[in-house]
1. Quick one: the Cα spread of region A:22-135 along its three principal axes, in angstroms, biggest first?
2. What ³J(HN,Hα) values, in whole Hz, does the Karplus curve 6.51 cos²θ - 1.76 cosθ + 1.60 give for region A:103-113 when θ = phi - 60°, with x put for Gly and Pro?
3. Given a 10 angstrom Cα cut-off, can you work out which residue in C:Ile41, C:Ile115, C:Ile71 is the most mobile in a GNM of chain C?
4. Kindly give the distances from A:Gly14 to its copy-mates, label point to label point, with each label point 7 Å from Cα along Cα→Cβ, as nm values to one decimal ordered shortest first.
5. Which whole-angstrom value gives the distance between the alpha carbon centres of region C:62-110 and region B:38-94?
6. Using only the alpha carbons, work out the radius of gyration and Dmax of region A:1-75 in angstrom.
7. Out of A:Gly83, A:Met44, A:Ser32, whose Cα points farthest toward the positive end of the dipole of region A:3-134 (charges: +1 Lys, Arg; -1 Asp, Glu; placed on Cβ)?
8. Using Cα positions and a limit of under 16 Å, work out the lysines in reach of B:Lys131, with same-chain residues fewer than 8 apart set aside.
Amino acid sequence: MTSKIYDLTVQTYGRSQLLNITGEVERIVSQSGIKEGTVLIFTMHTTAGLTINENADPSVVEDILMELDKIVPLNDNYRHTEGNSAAHIKSSLFGISLTVFINSGRLLLGTWQGIYFCEFDGPRQRKVLVKVVAE
Amino acid sequence: MTSKIYDLTVQTYGRSQLLNITGEVERIVSQSGIKEGTVLIFTMHTTAGLTINENADPSVVEDILMELDKIVPLNDNYRHTEGNSAAHIKSSLFGISLTVFINSGRLLLGTWQGIYFCEFDGPRQRKVLVKVVAE
Amino acid sequence: MTSKIYDLTVQTYGRSQLLNITGEVERIVSQSGIKEGTVLIFTMHTTAGLTINENADPSVVEDILMELDKIVPLNDNYRHTEGNSAAHIKSSLFGISLTVFINSGRLLLGTWQGIYFCEFDGPRQRKVLVKVVAE
């Protein structure tokens, strides 16, 4: 089996932000030359995440971030003194890796699905690993 | 390496519902003829999810859905006008893919573990991709 | 392709606890002799989970557990009579499996990332499956 790992650098601009990286992942899969397989995406941070959600109406992403701030308040008598405990908790709730199938060289995503990098403690420059596995 | 992707169609009957699809996944693995490997399950929707949880007492599933409605209220001044923002948020919290090991042709699940399709914005007909990977 | 599955037994000591198992996973990967591939980690329980989060300041783990107890209260008129519905819900929120890349025989983790077994209904003896897949 062949697999290749690619680095993706992501620059975020807000404290909380969902960044659509579907195009970047598609380009990497295309660049790999692998037509049938799986793409595994992993972010190397503990105050960020990865998710798949609606790619059409940007208000969905706003609602996700707004509601997450209600579920995990920014300040809540946390012990960790860096002020980013909420970001750590959101990271574990959303998860930091994704699995997407590749068929005929294309990502097998639903019509409304986009791949998002989730910044919970930005703005920062972030690193995402994209592994393309041939099957 | 060999892998095969199978389509699974799921019909849900309520707005929120957890549907046990363990039997369907087992049948697909059996049909694939693959004895050692991994099964990757992925749903192509943004208002649904997949999870593994208790397969015995049905009150666990009721508690999960009831508590999720408290964590992510159906109405909460969301901007998205389709009325299903809560479903989008639940989808990202639970995730839309699962990984289960196959050993001697059987799913390596714990005694109490069942695989559930999670409907958060039904009733609808939904699509799940099941990929069986030989190792 | 080669893959090997290893059993990892984990003893927890509190009702809720995050146990750093990075060293155990590293040892298994080393023992497997596989230099390039992926490690898939899966726990066979419905009241536990797996997550990757901060490995340095132990107050992060305390904040995660404290805040999770606020998001999913231990008692909330649940129907399941075993008293551990909150643990089942946390399990679905965090998830029960992880994927980590292996490069040159080492786990590709970020500087601050540790792999945690999440006990939500302890103390108990728990079982984790660690599958190392060569690519």
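Every number in this text was worked out from the coordinates using simple rules, so none of it is lab data. Values in this document were obtained by computation on a predicted structure and should not be read as measured data. Neighbour counts are summed over all protein chains in view; Cβ atoms, including those assigned to glycine, are modelled from backbone coordinates with ideal geometry.
1. 50, 28, 20
2. Per residue, the Karplus-derived 3J(HN,Hα) values read 9, 6, x, 10, 5, 8, 10, x, 3, 9, 8 Hz.
3. Between C:Ile41, C:Ile115, C:Ile71, it is C:Ile71 that shows the largest mean-square fluctuation.
4. Inter-copy label distances (nm, one decimal, shortest first): 3.4, 3.4.
5. Using only Cα atoms to place each centre, the spacing works out to 15 Å.
6. 15.1, 47
7. A:Ser32
8. Those lysines meeting the cut-off are A:Lys35, B:Lys4, B:Lys35.
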